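Enquirer: Have a look at this one.
The values are calculated or read from the model by the stated rules, or taken from the named source; none is laboratory data. Here the structure is a predicted model, which is why all the values come from computation and not from measurement. Here the Cβ is made from the backbone with ideal geometry for all residues, glycine too, and neighbour counts use every protein chain on show.
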Amino acid sequence: MIDSGVMPRMKEIVSRGRMAPMTASLPEISSVSWSTFMTGLDPGGHGIFGFTDFKDASYALRYPSFRDLGAPTIWDRLGERRMRSVVIDQPATYPARPIPGVLISGFVALDLEKAVAPRSYLAALRGMNYEIDIDAAKCRDNPDELFSALGKRLAERRSVVDALWEKEEWNLMEIVVTGTDRLHHFMWDACEDANHPRREDVLAYYRAIDDFLGHVYEKFRRLDAGGNFFMLSDHGFCAAKREVYVNAVLRAEGFLDLAPGASSLEGITERTKAFALDPARIYINRAGRFPRGRIDEADAKSLLEDLAAIFDALEVGGERVVRRRFTGREAYSGPFARRGPDLVLVPRNGFDLKGRPGAAEISGERRFQGMHTWEDAFFFSLDPAAIEDPNDLNIVDVPKTILRSIDVEP
């Protein structure tokens, strides 16, 4: 988009600083990556391992919220120094709680009334017809609805930025644009195919993103206080070719046994050795951790080796599915690490991993055109020196970099 002239403002900004590739969280999903961004800790330190997790001593699922975040955020750290933040459309912060400044929650937020802190801004947001996200059900298979909604949400963010920029006193202003994620999930084919019938709509949206980016950057340049300007993504993207169902693989290999007719993990029997949560978090059915757990610590190590070998060799359509794998001990550290999975899989581009315990086959047609990737997120700093090692950057490093730029030790 930069090279072809679609995003001239971003080209100018990037030319003034340093952009580096960045790895995302494990797994590479927004609730986990943004929680890592907020805290500077991996899931073992902040406690958010996915959009879903297990209820205590159960196979039933729960939906972690901002209340479950087990570590202070970057905004809390700034507040300790009497500094204020304005945070707009931040995923994984619902329900919103007071921070030193203003917080407007982003995806997944269900009710605007519970997504704003302080609540005194609620009336103003409603007056702007502010909506938290697009209606995915309406937009997924309706490109006209999708592009219309993306344009409206971007315009609303611009209005909020302009209002809070002047009204609030702040040391950190943060704006998240979720629309690119939605575009890539639903219309990735048009992002790659120059002859796609909706290609011009994609380019038009990126031009609008570029205009919004330039608008914010010009406001930043007019600040008397100076400071730094950052851009980042919480993961990368690529085309999806097939979905691959991790629980179906485990069932086929004899690791997962569900009661007759069961389609959820609540149907796990005592014969189960391992099972998975989305997108590819594999848990050993440990005695003492799960109600019908049967695997003790002495057997867990060899079982983990068996699981690794199976997924290393897994192929769909003659292609290897898994690019990398990490044990829980390799991926996570901190007080919550023991609650995490025993194995995390990173897929090769094109294979969209899902848990799907009720799936009959190990793979199926894609439901989204685009899928997240782990190794090609990005981070940009206007001050090149702020990125200490551009060849070894993870999203866990971002808040440290931002805090140092405001003269706060992480």
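Enquirer: With the condition being out of contact with any strand residue (DSSP E or B) (no Cβ under 6 Å at 6 or more places or on another chain) and under 30 Å from GLY364 (Cβ atoms), I'd like the strands (runs of 3 or more DSSP E) fully within the stretch 128-243 carrying at least 3 qualifying residues.
Expert: none
Enquirer: Follow-up. Being in contact with a strand residue (DSSP E or B) (Cβ under 9 Å, 6 or more places away or on another chain), surrounded by 15 or more Cβ atoms within 10 Å (Cβ to Cβ), charged (D, E, K, R) and under 19 Å from LEU61 (Cα atoms) is the requirement here; does ARG294 meet it?
Expert: Here the answer is no, as ARG294 does not meet what is asked.
Enquirer: Hey, another quick one. Is it the case that some residue within the stretch 233-241 is surrounded by 14 or more Cβ atoms within 10 Å (Cβ to Cβ), in contact with a Leu (Cβ under 9 Å, 6 or more places away or on another chain) and at pLDDT 95 or above?
Expert: No, that holds for no residue.
Enquirer: Looking at PRO64, PRO72, which one is at pLDDT 95 or above, under 17 Å from the mean Cα position of the chain (by Cα) and outside any helix (DSSP H, G or I)?
Expert: After ruling out the rest, the residue left standing is PRO64.
Enquirer: Answer yes if at least one residue in the stretch 265-287 is more than 22 Å from PHE51 (Cα to Cα) and modelled with pLDDT under 95, and no otherwise.
Expert: no
Enquirer: Among GLY79, GLY47, which is the only one that is without any contact (Cβ under 8 Å) to a residue 24 or more places away in the chain and not polar (S, T, N, Q)?
Expert: Only one candidate passes the filter, namely GLY79.
Enquirer: Related question: Hey, does the stretch 38-56 have a residue that's at pLDDT below 95 and more than 18 Å from THR93 (Cα to Cα)?
Expert: Checked the stretch 38-56: at least one residue is at pLDDT below 95 and more than 18 Å from THR93 (Cα to Cα).
Enquirer: Hey, another quick one. Within the stretch 371-397, can you find the residues that are in contact with a Leu (Cβ under 8 Å, 6 or more places away or on another chain), buried (at least 18 other Cβ atoms within 10 Å of the Cβ) and modelled with pLDDT of 95 or more?
Expert: Correct list: TRP374, ALA377, PHE379, PHE380, ILE395, VAL396.
Enquirer: Under 6 Å by Cβ, and 6 or more places apart or on different chains, what pairs join a residue from the stretch 169-183 that is without any contact (Cβ under 8 Å) to a residue 24 or more places away in the chain with one that is crowded, with 20+ Cβ neighbours inside 10 Å?
Expert: Filtered contacts from the stretch 169-183: no entries.
Enquirer: Can I ask one more? List, please: which pairs have Cβ atoms under 8 Å, are six or more places apart or on different chains, and start with a residue in the stretch 356-368 that is farther than 13 Å from LEU256 by Cβ and in contact (Cβ under 8 Å) with a residue 12 or more places away in the chain and end with one that is aliphatic (A, V, I, L, M) and assigned to a loop (DSSP other than H, G, I, E, B)?
Expert: ARG366/ALA240; PHE368/ALA240
Enquirer: Then there's this: Out of the residues in the stretch 312-332 that are in a loop (DSSP other than H, G, I, E, B) and over 19 Å from the mean Cα position of the chain (by Cα), state the one that is surrounded by the most Cβ atoms within 10 Å (Cβ to Cβ).
Expert: Going through the qualifying residues, I end up with VAL321.
Enquirer: Every residue in the stretch 166-199 that is over 21 Å from GLN90 (Cβ atoms) and touching a helix residue (DSSP H, G or I) at 6+ places or on another chain (Cβ under 9 Å), please.
Expert: Across the stretch 166-199, the qualifying residues are PHE186, MET187, ALA190, CYS191, ASP193, HIS196, PRO197, ARG198, ARG199.
Enquirer: Right, another one. Let me confirm something: among GLY340, GLY288, GLY318, GLY334, which residue is under 30 Å from ASP193 (Cα atoms) and assigned by TED's automatic domain parsing to the domain that holds GLY261?
Expert: None of the others qualify; the one that does is GLY318.
Enquirer: Given the structure, is PHE49 closer than 19 Å to VAL177 by Cα, of a type in the set (Phe, Trp, Tyr) and part of a loop (DSSP other than H, G, I, E, B)?
Expert: Against the criterion (closer than 19 Å to VAL177 by Cα, of a type in the set (Phe, Trp, Tyr) and part of a loop (DSSP other than H, G, I, E, B)), PHE49 does not qualify.
Enquirer: Mind checking which residues of the stretch 71-95 are closer than 22 Å to GLY45 by Cβ and among the aliphatic types (A, V, I, L, M)?
Expert: Selection gives ALA71, ILE74, LEU78, VAL87, ALA92.
Enquirer: Sort out which residues of the stretch 376-399 are more than 19 Å from the chain's Cα centre (by Cα) and either within 30 Å of ARG348 (Cα to Cα) or assigned to a loop (DSSP other than H, G, I, E, B) (or both), and write them in order of number.
Expert: SER381, LEU382, ASP383, ILE387, GLU388, ASP389, PRO390, ASN391, ASP392
Enquirer: Determine the pairs where a residue that is under 20 Å from SER105 (Cα atoms), located within the stretch 130-148, has a partner that is of a type in the set (Val, Ile, Thr) and part of a helix (DSSP H, G or I) with Cβ atoms under 7 Å apart, the partner being 6 or more residues away or on another chain.
Expert: TYR130/VAL160
Enquirer: Of ARG157, ARG126, ARG119, which residue is within 17 Å of GLN90 (Cβ to Cβ), of a type in the set (Lys, Arg) and surrounded by fewer than 15 Cβ atoms within 10 Å (Cβ to Cβ)?
Expert: ARG119
Enquirer: Additional query: Take the stretch 345-368 and flag every residue that is surrounded by fewer than 19 Cβ atoms within 10 Å (Cβ to Cβ) and part of a loop (DSSP other than H, G, I, E, B).
Expert: ARG348, ASN349, GLY350, GLY358, ALA360, GLU361, ARG366, ARG367, PHE368
Enquirer: What tally of residues in the stretch 2-46 results from selecting those that are part of a loop (DSSP other than H, G, I, E, B), in contact with a Phe, Trp or Tyr (Cβ under 9 Å, 6 or more places away or on another chain) and hydroxyl-bearing (Ser, Thr, Tyr)?
Expert: Here the count works out to 1.
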